Structure formats: structure tokens, C-alpha cells
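K.L.:
Handing you a structure now.
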Amino acid sequence: MDKLLDRIVITKPDDWHVHFRDGEMLDAVIFDTVKQFSRAIIMPNLADAIKTTKMAENYRSKILDSFARLKKNNQIPQENTFTPLMTIYLTDDTKPEEVLSAHSSGFIFAFKLYPAASTTNSSAGVTNLFGNCRKVLEKLQYVGMPLLIHAELPDKNIDIFDRERFFIDRILISLRRDFPDIKLVFEHVSTKEGVDFVMEDTGPIAATVTPQHLIYNRNSLFSGGLNPHFYCLPILKAEEHRQAILKAVFSGSKRFFLGTDSAPHNRSLKENRCGCAGCYNAYNAMALYASVFEANNSIDKLEAFASFNGPDFYGLPRNRDFLVLYRKENIIPDMLEIGKIQLVPLGAGSVIHWNI
Ligand code: DOR
Ligand code: ZN
């Protein structure tokens with residue numbers, strides 16, 4: 001594709017990692033996802049984590065109801081479709097049978113591993129994967145349901161910038177050795193070591209990549225002062241890691257695909273004495289990805305990354321409709337106000353040159 005094109009038409013993309021929350025927050029954020037994506041993998045880390053098929057079914061109905069309200073209010077075209085792909089939160093107590101009921105549900109597409117205390121709402125997460133979850137892992141491998149991994153070792157004695165690397169050494173290598181056929185998604189890969197693992201692994205594996213880990217390095221956290229809106233987990237890393245992620249994404253490897261990790265927290269909880277982790281990037285997600293792909297002379301790789309590699313890995317059909325991106329100055333607002341909710345979008349105050 002010509003890099004001076006001022007319009008790109010791509011197969012409609014999907015977001016393979018998003019946080020919708022529930023209640024008012026769900027209603028506030030769903031529009032930003034459905035305006036650009038046809039499907040999304042919905043993360044299960046609600047305050048009351050989605051631990052069973054029944055809970056996922058209930059949460060899915062809330063999402064579909066919220067989507068239906070957008071249509072009813074004419075906020076999106078009537079012909080738009082959106083499919084939430086549900087996930088289940090793995091705990092020390094998850095029963096192997098839960099994998100079977102999730103698998104046969106038809107609407108659950110993965111289990112999510114949060115190491116306990118690794119990130120937002122992870123206190124019910126897994127404390128000992130091999131001690132407590134072996135039977136569940138066997139079933140996941142057996143039915144071919146992916147395990148989505150928050151790949152950080154949440155040990156207070158490990159430097160926060162090294163937690164991904166330690167997770168690979170202490171958990172991931174053994175996981176692959178013991179379960180050679182389990183489908184793994186290395187979520188929001190943030191380090192060179194993560195990229196290398198995904199590139200070199202011999203089993204079925206892929207990684208999602210966020211806009212923030214492609215566009216920013218850890219300096220952003222401190223530029224002009226402490227900026228909580230760049231704080232997410234895994235935390236932004238040094239430039240050499242960002243370069244490794246860019247290289248992998250632009251290599252054309254099918255193992256890397258779009259997952260925004262859009263994680264809304266009310267502004268007051270970000271700008272707080274103990275600010276929450278998470279970047280709200282859904283607002284401009286595709287424009288941000290287009291900008292970083294273009295800046296690296298790789299806009300021709302955007303469609304596979306955003307629209308092909310994900311469904312191909314999950315064994316789902318590619319979308320049949322299209323998304324148009326066009327070149328136009330796009331000043332990212334300082335803040336979004338939706339009812340009582342205030343969100344600061346990723347890149348607030350900066351200017352990009354793509355729009356949807
Ligand atoms: O920054 C993050 N925010 N990382 C996660 O893993 C979870 C997410 C959230 O739910 O807020
Ligand atoms: Zn996430």
C-alpha cells in the first residue's frame with residue numbers, strides 16, 4: 001500500500017483483549033469498541049470475577065443489552081453487528097468440568113490466567129498453577145480452548161520491569177514443556193524476552209499487542225512529571241523492548257495480533273494517591289495503531305495484524321465487512337465525559353493523523 005494514501009480500507013478488525021467492566025462503565029465504553037471492531041475478547045476480571053459459564057452467560061447478556069441500547073438510541077447504524085467473545089477467570093478452585101461446560105456453551109472462547117495479585121482484580125487469581133490447576137490445563141489442552149496469560153510474576157522482590165521475564169523463566173517454559181499442545185496467548189507482550197518466547201515456541205502460541213506498548217516507552221510515565229495515564233500492567237518498558245515488539249509485529253509473523261487491553265478507570269481513580277493500572281485506549285484504538293504502523297513504513301501490515309491473524313489463531317472466520325481509515329488531523333481530547341464517568345484517553349492532548 002502507498003504510504004501517502006489518505007484512505008485505507010481494511011477488513012473489519014476485532015479486539016482480542018478488552019475490559020468492558022459492567023454497569024455504568026460498560027454503557028460508557030462499549031460504543032468506542034463497537035464503532036471499530038466486530039468482535040472482542042471480553043476480559044473476566046470484574047470486581048466479582050467471571051468464574052463460571054453461568055456467570056459468563058449473564059455478563060454476555062448485559063453486554064448485548066448495552067449494545068442493543070446503542071442501536072435503539074441510534075448511536076450506531078442498525079446494520080452494525082458486535083459479538084462479545086466471553087472468557088472465564090481461572091482460579092485455584094476452577095473445576096476441570098468447567099472447561100467442558102465452557103467449551104460446549106458456544107459463546108466462551110478462552111480461559112484467562114491472572115497470577116494472584118498481578119494486576120487489577122486479580123486477588124482471586126491463581127496462586128500455584130501447577131499445584132492447583134493441572135487438571136484444568138489438561139482439559140484446556142484436550143478441548144483446544146486457549147489459555148490467555150497475564151504473563152507477570154507478581155513477586156514484590158522482583159523488579160516491576162522484570163516480572164514478565166521472570167514469568168517466562170519460572171512458569172511459561174514449564175507450562176509449555178508439560179502441555180505441548182495447549183493453545184496459549186501471551187497477552188499484552190511488553191518485553192524482548194516475551195517476543196522471543198512467542199517467536200521461538202514450538203507449540204500453538206500467539207501474542208496480543210497494545211497500542212501503548214507499540215507507541216510509548218517507560219519515559220512516558222515520567223515525561224513532564226509523573227503521568228498516571230501511562231500506567232498499565234505490564235508496565236511500559238525501555239525503548240529496546242518497544243523496538244523488539246515493533247520488529248516482531250512488522251515481521252509479518254502471524255503470531256502477533258491486535259489486543260488493545262483498553263482498561264477504563266474513572267479519572268479520579270487514575271489521578272489518585274494510589275492510581276489504578278490501565279490505559280483507556282478504545283477511543284482511538286485503530287487510529288493509534290494506523291499511526292504507529294505508518295510511522296514505521298508498515299501500514300501494509302495493518303490489516304493482517306488487526307483483522308486476519310486473530311481469527312486465524314482462534315479458528316474463527318475473518319469478518320466480511322470493512323473499516324475505512326482516513327487521514328485527517330485528530331486531536332485527542334484531554335478528557336471524555338460520559339454521564340458521571342470521566343475517562344482520559346490514551347495520548348490525551350496529542351495529535352495523530354488518522355481517523356475512522
Ligand atoms: O493495566 C492493566 N489494567 N492491566 C491489566 O492486566 C488489567 C487492567 C485492568 O483491568 O484495569
Ligand atoms: Zn487486560
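K.L.:
Note the full-extension length gain between Glu24 and Asp169 as 0.36 nm times their separation in residues minus their Cα-Cα distance, in nm to one decimal. Don't jump to the answer; show the numbers that get you there.
P.N.:
Details: separation 145, 0.36 × 145 = 52.20 nm, distance 3.99 nm.
Going from the current span to full extension adds 48.2 nm.
K.L.:
Determine the per residue accessible area of segment 208-278 with all protein chains present and a 1.4 angstrom probe, expressed in square angstrom. Walk me through the intermediate numbers first.
P.N.:
Values: 2880 Å² over 71 residues.
Accessible area per residue: 41 Å².
K.L.:
What length, rounded to one decimal in nm, is gained on full extension from Glu239 through to Asn296, with 0.36 nm per residue of separation minus their alpha-carbon distance?
P.N.:
Working: separation 57, 0.36 × 57 = 20.52 nm, distance 1.48 nm.
Taking 0.36 nm per residue and subtracting the Cα distance, the gain is 19.0 nm.
K.L.:
For Leu316 and Ser61, FRET efficiency with R0 = 25 Å and r from the beta-carbon atoms, rounded to 0.05?
P.N.:
Working: r = 21 Å, r/R0 = 0.84.
It comes to 0.75.
K.L.:
Within 10 Å of each candidate Cβ there may be at most 15 other Cβ atoms; applying that plus a DSSP loop requirement, which chymotrypsin sites (Phe, Trp or Tyr not before Pro) in segment 183-241 survive?
P.N.:
Numbers: sites: Phe186, Phe197, Tyr216, Phe222, Phe230, Tyr231; in loops: Tyr216, Phe222, Tyr231.
Of the chymotrypsin sites (Phe, Trp or Tyr not before Pro), the ones in loops of segment 183-241 whose Cβ has at most 15 other Cβ atoms within 10 Å are Phe222.
K.L.:
I'd like to know which of Leu64, Leu85, Asn319 lies farthest towards the positive end of the charge dipole of the chain, counting +1 on Cβ of Lys and Arg and -1 on Cβ of Asp and Glu.
P.N.:
The one lying farthest along the dipole's positive direction is Leu64.
K.L.:
7 Å from Cα along Cα→Cβ at both Cys274 and Lys254: what's the point-to-point distance in nm?
P.N.:
Placing both labels 7 Å beyond Cα along the Cβ direction yields 4.6 nm.
K.L.:
Place a point 7 Å from Cα of Ile158 in the direction of its Cβ. Which residues in segment 81-116 have their backbone N less than 17 Å from it?
P.N.:
Under cut-off, by backbone N: 113-116.
K.L.:
About its Cα centre, how strong a charge dipole does segment 2-355 have in debye, to the nearest 20, once Lys and Arg get +1 and Asp and Glu get -1 at the Cβ? Please report the intermediate quantities before stating the final value.
P.N.:
Working: 41 positive and 42 negative charges, 77 e Å.
So the dipole magnitude of segment 2-355 works out to roughly 380 debye.
K.L.:
Quick check: net charge around Met43, other residues with Cβ under 11 Å of its Cβ, Lys/Arg +1 and Asp/Glu -1? It would help to have the intermediate numbers written out before the result.
P.N.:
Numbers: positive: Arg21, Lys112; negative: Asp15, Glu187, Asp261.
Result for the neighbourhood of Met43: -1.
K.L.:
If you put +1 on each Lys and Arg Cβ and -1 on each Asp and Glu Cβ, how big is the dipole of segment 220-356 around its Cα centre, in Debye rounded to 20?
P.N.:
Numbers: 14 positive and 12 negative charges, 47 e Å.
In debye, rounded to 20, segment 220-356 gives about 220.
K.L.:
Shape call for the chain from the C-alpha gyration tensor, a ≥ b ≥ c root eigenvalues: rounded (a/c under 1.5), prolate (a/b greater than b/c) or oblate? If you can, show how the numbers build up before the last one.
P.N.:
Working: a/c = 1.32, a/b = 1.21, b/c = 1.09.
Cα axes put the chain in the rounded bin.
K.L.:
Continuing with the same structure: Just report the Cα centroid separation between segment 98-117 and segment 129-146, whole Å.
P.N.:
10 Å
K.L.:
Additional query: Spelling out what I want: for every residue of segment 136-143, take phi, set θ = phi - 60°, compute 6.51 cos²θ - 1.76 cosθ + 1.60 (Karplus), and round to whole Hz; glycine and proline get x.
P.N.:
Rounded to whole hertz, the list is 5, 4, 4, 5, 4, 5, 5, 8.
K.L.:
Moving on. If you count, for each residue, the other Cβ atoms within 10 Å and average over each peptide, how do 314-320, 170-176 line up from highest to lowest?
P.N.:
On the way: 314-320: 13.7, 170-176: 16.7.
Sorting 314-320, 170-176 by mean packing, highest first, produces 170-176, 314-320.
K.L.:
How large a share of the accessible area of the chain, in percent, is made up of carbon and sulfur atoms when the probe is 1.4 Å and the other protein chains stay in place?
P.N.:
Taking all protein chains in place, the chain shows 50 percent carbon and sulfur surface.
K.L.:
What is the calculated FRET efficiency for Asp181 to Lys72, with r their C-beta to C-beta distance and R₀ = 45 Å, to the nearest 0.05? If you can, show how the numbers build up before the last one.
P.N.:
Values: r = 44 Å, r/R0 = 0.99.
In this case the efficiency is close to 0.50.
K.L.:
How high is the relative contact order of segment 4-113, in percent, counting Cα pairs under 8 Å that sit 6 or more residues apart?
P.N.:
For segment 4-113, the relative contact order is 28 percent.
K.L.:
Quote the relative contact order of the chain in percent (integer), defining contacts as alpha-carbon pairs under 8 Å separated by 6+ residues.
P.N.:
Details: 700 pairs, mean separation 67.7, N = 356.
Relative contact order, the chain: 19 percent.
K.L.:
What fraction of the DSSP beta bridges in the chain is antiparallel, stated in percent and rounded to the nearest 5? List each step's numbers first, then the result.
P.N.:
Numbers: 12 of 37 bridges.
Counting only bridges with both partners in the chain, antiparallel ones make up about 30 percent.
K.L.:
Okay, moving on. Relative contact order, percent, of segment 194-262 when contacts are C-alpha pairs under 8 Å separated by at least 6 residues? Spell out each step's value before the answer.
P.N.:
Values: 66 pairs, mean separation 31.2, N = 69.
With pairs under 8 Å counted, the relative contact order is 45 percent.
K.L.:
Continuing with this model, one more query. Provide the packing ranking of 59-67, 152-160, i.e. peptides ordered by the mean count of other C-beta atoms within 10 Å per residue, highest first. Spell out each step's value before the answer.
P.N.:
Numbers: 59-67: 17.1, 152-160: 14.4.
Per-residue Cβ counts within 10 Å, averaged per peptide and sorted highest first, yield 59-67, 152-160.
The values are calculated or read from the model by the stated rules, or taken from the named source; none is laboratory data. Note that the structure is predicted; figures quoted are calculated from it, not measured. We place every Cβ from the backbone using ideal geometry, glycine too, and count neighbours over all the protein chains shown. What goes into the accessible areas is simple: the full protein's heavy atoms, side chains included, and nothing from ligands, DNA or RNA. Shrake-Rupley method; radii C 1.70, N 1.55, O 1.52, S 1.80 Å.
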